[in-house]
Amino acid sequence: MNTKEIIAEIKNRLQIDAETSDTLFRGLSEALKKELLDNNVVALQGFGSFEARRKAERISVNPTTKQRMLIPPKQSIAFKPSSTIKDKFNQ
């Protein structure tokens, strides 16, 4: 499902016009981005939680050349589904 399909689904489920559903979706995505950039956990009851995680720097070895490389630290986003979603998915 892509952004246009999500906006169309919001429009159909809430029975609102396309512009309002687009504004609603864009507002939600901007709020999620802001919270994750501020290193806050975003928990949606009955769905799951999003969390920004920091990965430490590490050393990697190229298996062909045996050359060692330092991989710098980086941020990533982790999603943990709620138990409700897990239960429905595994049925």
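The values are calculated or read from the model by the stated rules, or taken from the named source; none is laboratory data. Here the structure is a predicted model, which is why all the values come from computation and not from measurement. We place every Cβ from the backbone using ideal geometry, glycine too, and count neighbours over all the protein chains shown. We work out accessible area using only protein heavy atoms, side chains counted, and drop any ligands, DNA or RNA first. Shrake-Rupley method; radii C 1.70, N 1.55, O 1.52, S 1.80 Å.
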ask   = Which of the residues spanning the stretch 57-91 are open to solvent by 80 Å² or more (accessible area, probe 1.4 Å), more than 18 Å from the chain's Cα centre (by Cα) and in contact (Cβ under 8 Å) with a residue 12 or more places away in the chain?
value = Glu57, Arg58, Ile59, Leu70, Pro72
key: Unique residue being part of a helix (DSSP H, G or I) and among the β-branched types (Val, Ile, Thr) when the list is Ile6, Ile77   = Ile6
task = Filter the stretch 1-23 down to residues that are surrounded by 12 or more Cβ atoms within 10 Å (Cβ to Cβ) and of a type outside the set (A, V, I, L, M), then give me how many there are.
result = 6
query = Of (1) in contact (Cβ under 8 Å) with a residue 40 or more places away in the chain; (2) open to solvent by 90 Å² or more (accessible area, probe 1.4 Å), Arg26 satisfies all except one. Which?
reply = (1)
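Let's see how each residue does on (1) within 26 Å of Ile7 (Cα to Cα); (2) out of contact with any Lys or Arg (no Cβ under 9 Å at 6 or more places or on another chain); (3) outside any helix (DSSP H, G or I):
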residue: Glu19; (1), (2), (3): yes, yes, no
residue: Arg26; (1), (2), (3): yes, yes, no
residue: Ser29; (1), (2), (3): yes, yes, no
residue: Lys34; (1), (2), (3): yes, yes, no
residue: Asn40; (1), (2), (3): yes, no, yes
residue: Phe50; (1), (2), (3): yes, no, yes
residue: Ile59; (1), (2), (3): no, no, yes
residue: Pro63; (1), (2), (3): no, yes, yes
ask   = When the stretch 48-82 is examined, which residues are found to be among the hydroxyl-bearing types (Ser, Thr, Tyr) and farther than 27 Å from Lys34 by Cβ?
value = Ser60, Thr64, Thr65
